[in-house]
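To keep things clear, I will list the structure first and then write my remarks on it.
The values are calculated or read from the model by the stated rules, or taken from the named source; none is laboratory data. Just so it is clear, the model here is predicted, and its values are computed rather than measured. Note that each Cβ is placed from the backbone with ideal geometry, even for glycine, and that neighbours are counted across all protein chains shown. Each accessible area value is taken on the protein alone, full model and side chains, heavy atoms only, with ligands, DNA and RNA left out. Shrake-Rupley method; radii C 1.70, N 1.55, O 1.52, S 1.80 Å.
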Amino acid sequence: MTRFTAAELEAARDRLVPDVVADGLRVLFCGINPGLMTAATGHHFARPGNRFWPVLHLSGFTPRLMKPSEQGQLPAYGLGITNVVARATARADELTAEEYMEGGRLLTAKVERLRPRWLAVVGVTAYRAAFHDRKAAIGPQVRRIGDTRVWVLPNPSGLNAHWTAAAMAQEFERLREAALA
């Protein structure tokens, strides 16, 4: 794995991380925002402690454990990745309420354009802030964006101690089964 200096990571704050998307995906996963490691590498969920890639595999979305650098292969599985907020930060708590609201608006437009079967927001707090839904919980939501259904997943960050990788994988698997139905 490439090691970055503190200065290199700080400089990454200004980099945009491209979405991994295609029209008509089965599931468009939506992170909160890029972390500094993601911005430095250009690969989503790149921080070593992030459990997104292992959970994606454990839940059956991918046939093997993929590396963040292999994210370009996701559309072949009907999957994609975007973020609520494009700005890279060291921690999600650096984001403002205005950034979440604008991110929700931009995400809605993106989903309307790409028309995935499911939008899966990883992080209930981010979903609540972006879509003004204080009562949202993990799982399928009543909200739709056009024909796209919405599911809220637990945040795979290593900082989320409330969820084990195994429990997250079960929730991701529930989404996978719904996306295949």
Here the residues within region 61-82 that are of a type in the set (G, A, S), open to solvent by 40 Å² or more (accessible area, probe 1.4 Å) and either within 14 Å of the chain's Cα centre (by Cα) or closer than 20 Å to R26 by Cα (or both) are G72, A76
From the option list A130, A169, A136, single residue qualifying as buried (at least 17 other Cβ atoms within 10 Å of the Cβ) and not in a helix (DSSP H, G or I) is A136
TODO: Taking G80 as the residue in question, decide whether it is within 23 Å of H43 (Cβ to Cβ) and not hydrophobic (A, V, I, L, M, F, W, C).
DONE: yes
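Each row is one residue, and each column tells you yes or no for (1) closer than 23 Å to Y127 by Cβ; (2) of a type in the set (V, I, T); (3) in contact with a Lys or Arg (Cβ under 7 Å, 6 or more places away or on another chain).
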residue: A39; (1), (2), (3): yes, no, yes
residue: G42; (1), (2), (3): no, no, no
residue: L56; (1), (2), (3): yes, no, no
residue: R87; (1), (2), (3): yes, no, no
Exercise for review: Determine, yes or no, whether P116 is under 17 Å from P34 (Cβ atoms) and open to solvent by less than 30 Å² (accessible area, probe 1.4 Å).
Suggested key: no
Out of (1) free of Cβ contacts under 8 Å to residues at least 12 places away in the same chain; (2) under 22 Å from A22 (Cα atoms); (3) in a loop (DSSP other than H, G, I, E, B), the one E177 does not meet is (3)
Among residues of region 28-46 being in contact (Cβ under 8 Å) with a residue 24 or more places away in the chain and assigned to a loop (DSSP other than H, G, I, E, B), the residue surrounded by the fewest Cβ atoms within 10 Å (Cβ to Cβ) is G42
